[in-house]
1. Restricting the first residue to the range 133-146 and requiring it to be open to solvent by 80 Å² or more (accessible area, probe 1.4 Å), which pairs with a second residue that is within 11 Å of the ligand (Cβ to nearest atom) meet a Cβ separation below 6 Å and a spacing of at least six or different chains?
2. Which of the residues belonging to the range 206-225 are more than 14 Å from the ligand (Cβ to nearest atom), in contact (Cβ under 8 Å) with a residue 40 or more places away in the chain and either within 19 Å of G112 (Cα to Cα) or out of contact with any Lys or Arg (no Cβ under 6 Å at 6 or more places or on another chain) (or both)?
3. Quick test of your reading of the structure: V78 fulfils all but one of (1) open to solvent by 10 Å² or more (accessible area, probe 1.4 Å); (2) touching a residue at least 60 places away in the same chain (Cβ under 8 Å); (3) among the hydrophobic types (A, V, I, L, M, F, W, C). Name the failing condition by number.
4. If you check D212 against the conditions, is it within 25 Å of the chain's Cα centre (by Cα), surrounded by fewer than 17 Cβ atoms within 10 Å (Cβ to Cβ) and modelled with pLDDT of 95 or more?
5. Return the pairs, sorted by first residue and then second, in which the second residue is open to solvent by 60 Å² or more (accessible area, probe 1.4 Å) and assigned to a loop (DSSP other than H, G, I, E, B), the first residue lies in the range 30-53 and is under 13 Å from S11 (Cα atoms), the beta carbons are less than 9 Å apart, and the residues are 6+ apart or on different chains.
Amino acid sequence: MFDSLQDRLQSAFKNLRGKGRLSEADIDATAREIRLALLDADVAVPVVRAFVGRIKERASGEEVSAALNPAQQVIKIVNEELIGILGGETRRIRFAKTPPTVIMLAGLQGAGKTTLAGKLARWLKEQGNSPLLVAADLQRPNAVNQLQVVGERAGVTVFAPEPGSTGAGDGGTEGTRSSGDPVQVARDGVAEARRSLHDVVIVDTAGRLGVDAELMQQASDIRDAVQPDEVLFVIDAMIGQDAVQVAQAFAEGVDFTGVVLSKLDGDARGGAALSIREVTGRPIMFASTGEQLTDFEVFHPDRMASRILD
Ligand code: GDP
């Protein structure tokens with residue numbers, strides 16, 4: 001992961017090694033290499049500009065000129081600034097004071113939402129919670145079925161509309177009452193969680209291949225209906241800085257509270273990871289790193305920065 005960025009940053013630092021004092025030319029050369037490394041990693045241009053600006057400013061300042069080992073001090077600064085653009089502190093789920101905590105997932109089709117729903121449910125269960133998965137993605141023919149399979153693997157109950165039923169409240173069996181209207185399914189799912197004492201509800205919603213008004217409206221309607229404690233925007237990290245435009249559209253349309261980077265295992269460059277926090281102002285909360293339910297981790301900005309620099 002991010003191998004090229006890692007190599008490029010190491011080579012940028014190499015020129016500073018062993019120097020007792022850094023000249024302006026040394027700092028400029030290092031800043032230029034860092035800039036090129038980030039651009040090659042597909043980091044969004046404004047993020048690169050701001051990042052390199054901060055590095056240059058700090059590298060020219062007192063903390064480096066007074067340091068016994070200036071090269072080491074520059075690496076420390078880059079590390080701190082990387083942690084900064086990755087979000088600083090680890091952002092954990094904000095649980096509702098009164099259960100159930102409602103977590104809604106949003107994102108484009110194929111981003112990895114349904115897979116993430118299963119991973120998150122499994123992880124929450126492991127933490128001692130009792131999650132309920134709600135299948136409110138009624139767009140893709142197979143989505144409900146896919147969530148049921150994922151739920152079964154995670155050992156977590158799935159609330160889903162009954163196949164073939166025609167509308168909300170049409171008298172189906174308990175737990176399978178709604179279909180057709182995803183907003184109603186989401187609402188019924190949360191009611192079901194309350195009834196059956198699940199303390200977390202994860203609502204999977206529909207995606208489209210591209211951002212469109214209908215998708216945003218539906219996601220926003222679901223949001224209004226279930227008042228989630230967290231809205232997690234799931235984005236495929238492999239699309240690089242294109243993720244930025246998609247994220248901005250979702251930030252405006254659904255106003256998510258956190259980001260999940262999915263398919264980080266296939267992301268060789270790191271552009272999405274390094275851009276998305278700065279551009280959206282929303283924290284990256286989780287990373288999805290493979291197709292198995294266990295390929296999932298809480299996102300720690302400091303650990304990610306270390307992985308990039310070590
Ligand atoms: P959704 O349309 O957003 O619900 O996306 P899915 O959960 O159906 O995922 C789309 C495809 O990406 C599936 O083939 C998943 O197996 C795959 N996928 C999901 N998450 C990851 C991940 O973290 N890494 C990899 N390599 N594949 C993933």
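The values are calculated or read from the model by the stated rules, or taken from the named source; none is laboratory data. The structure presented is a predicted model; accordingly, all values stated were derived computationally and were not measured. Methodologically, a virtual Cβ is constructed for each residue, glycine included, from the backbone with ideal geometry; neighbour enumeration extends over all protein chains shown. We work out accessible area using only protein heavy atoms, side chains counted, and drop any ligands, DNA or RNA first. Shrake-Rupley method; radii C 1.70, N 1.55, O 1.52, S 1.80 Å.
1. Cβ pairs passing all conditions: Q139/A206.
2. Hits for the range 206-225 are I222, R223.
3. V78 satisfies every listed condition except (1).
4. No, not satisfied.
5. T30/N15; E33/N15
Condition check ((1) under 25 Å from P301 (Cα atoms); (2) open to solvent by less than 10 Å² (accessible area, probe 1.4 Å); (3) touching an Asp or Glu at 6+ places or on another chain (Cβ under 9 Å); (4) within 16 Å of the ligand (Cβ to nearest atom)) across all residues:
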site	(1), (2), (3), (4)
P46	yes, no, yes, no
R58	yes, no, yes, no
T98	no, no, no, no
Q127	yes, no, no, no
V149	no, no, no, yes
